[in-house]
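Just so it is clear, none of the values below were taken in a lab; they were calculated from the coordinates. Here the structure is a predicted model, which is why all the values come from computation and not from measurement. FYI the Cβ positions are ideal-geometry reconstructions off the backbone, even for glycines, and counts take in every protein chain you see.
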Amino acid sequence: MRNFKRVLSIALVLIMAVACFAGCNSSKADYVIYSDNAFAPFEFLGDNDKYVGIDMDILAAVAEDQGFTYEMHNVGFDAAMGAVQSGQADAMIAGMTITDERKETFDFSDGYFKDGQIMVVPAASTIAEEFDLRHQKVAAKTSTMSAQYTESLSTEVGFEIDYYESSPEMYQAVITGTNVACFEDYSVISYAIKTDNMSLKTVGEIVNPSEYGFAVKKGTNAELIEKFNAGLKNIKANGKYDEILAKYGMTA
Ligand code: GLN
């Protein structure tokens, strides 16, 4: 009986040690980083319920190169911006366009990919230019560059806007006819149309082509931006960056 008790207490101590190790370890990541959750090919749910994509791979490669650890939370674009601003997240990587306006509240890394927005309509739509949106209802994804562009166009052309939290919800609204069009980053909508065989098409020219950047709240985590820039430079030099883009069918 005494032996049994001793074995039991040793077992308990071991179990607690392992549990603490696992638990403490995961909360001991150097940084907490947030991202979008449905913005393929930059971040999206892959097989085995794991988030994959260009942003996920670039960050993993940079972290490995610079020797830091992080916890990733894929919560959506607007939610990620909120988490960085509230201090809940140290940084975000989410196909986020670097703009002067955002620089008032965020500090950005060097750019790592260039893209702009384009109009998206159902494959059978007759909408051929922006003015055709007059008196219609257009979809936009909250807090994005596409939303900003849609808002300025709406004052010019005259149409209503419905807001969605995610890219797939926005596409769905256009496919089902709730909205006649949306604007989306060109490489992202092209990937969606091709990969998911969506009955959508792009119309017109790409607007506002700009760089994507890794972002922290303005005035915080300066060392993380430095590490990201240094790592990005290294993975560009050693071919890893090109390899990541190629894996998702992209080129810089
Ligand atoms: N590049 C766009 C922006 O920064 C969209 C980003 C996104 O939806 N994840 O607003």
Original post:
For labels at Lys218 and Ala252 in the simple 7 Å Cα→Cβ model, what's the distance in nm?
Top reply: 2.9 nm
Original post:
Where in segment 185-252 are there trypsin sites (Lys or Arg not before Pro) that are in a DSSP coil and have at most 15 other Cβ atoms within 10 angstrom of their Cβ?
Top reply: Lys218
Original post:
For the residues Leu153, Leu232, what sequence is obtained by ranking on other C-beta atoms within 10 Å, fewest first?
Top reply: Leu153, Leu232
**OP:** Identify the trypsin sites (Lys or Arg not before Pro) of segment 125-160 meeting these criteria: DSSP loop state and at most 13 other C-beta atoms within 10 Å of the C-beta.
**Re:** Arg134
Subject >> Sequence-distant lysines (8 or more away, or on other chains) whose Cα lies within less than 28 Å of Lys50 >> reply: Lys28, Lys114, Lys141, Lys194, Lys217, Lys227, Lys233, Lys236, Lys240, Lys247
Original post:
With the Cα gyration tensor of the chain giving a ≥ b ≥ c as the square roots of its eigenvalues, does the rule (a/c under 1.5 for rounded; else a/b larger than b/c for prolate; else oblate) give rounded, prolate or oblate?
Top reply: prolate
Subject >> Amide hydrogen neighbours beyond the local backbone of Lys201, cut-off 5 Å, H modeled >> reply: Val121, Ala123
Original post:
If R0 is 35 Å, what FRET efficiency do you get for Asn48 and Thr155 from their C-beta distance, rounded to 0.05?
Top reply: 0.15
Subject >> Of all DSSP beta bridges in the chain, antiparallel share, percent nearest 5 >> reply: 60 percent
Original post:
If r is the Cβ-Cβ distance from Asp162 to Ala237 and R0 is 41 Å, what FRET efficiency results, to the nearest 0.05?
Top reply: 0.40
Original post:
Given +1 on the Cβ of Lys and Arg, -1 on the Cβ of Asp and Glu, and no further charges, what dipole in debye does segment 90-131 carry about its Cα centre, rounded to the nearest 20?
Top reply: 160 debye
Subject >> the chain, relative contact order in percent, only Cα pairs under 8 angstrom and at least six apart counted >> reply: 26 percent
Original post:
Any idea which of Tyr51, Tyr149, Phe68 is furthest toward the positive side of the dipole for the chain, if Lys and Arg beta-carbons carry +1 and Asp and Glu beta-carbons -1?
Top reply: Phe68
Original post:
Dipole of segment 64-212, Cα-centred, from +1 at each Lys and Arg C-beta and -1 at each Asp and Glu C-beta, to the nearest 20 debye?
Top reply: 520 debye
**OP:** Please state the charge dipole magnitude for the chain, taken about the Cα centre, from unit charges on C-beta atoms (+1 on K and R, -1 on D and E), reported in debye and rounded to the nearest 20.
**Re:** 1280 debye
Original post:
Roughly what angle does helix 186-195 make with the longest principal axis of the chain, taking Cα atoms, 0 to 90 degrees, to the nearest 10?
Top reply: 80 degrees
Original post:
In deg cm²/dmol, rounded to 500, what helix-only [θ] at 222 nm does the chain give when every DSSP H run of at least 4 residues adds -39500 (n - 2.57) and the total is split over its residues?
Top reply: -12500 deg cm²/dmol
Subject >> Degrees separating the helix 77-86 axis from the principal Cα axis of the chain, which is the longest one >> reply: 60 degrees
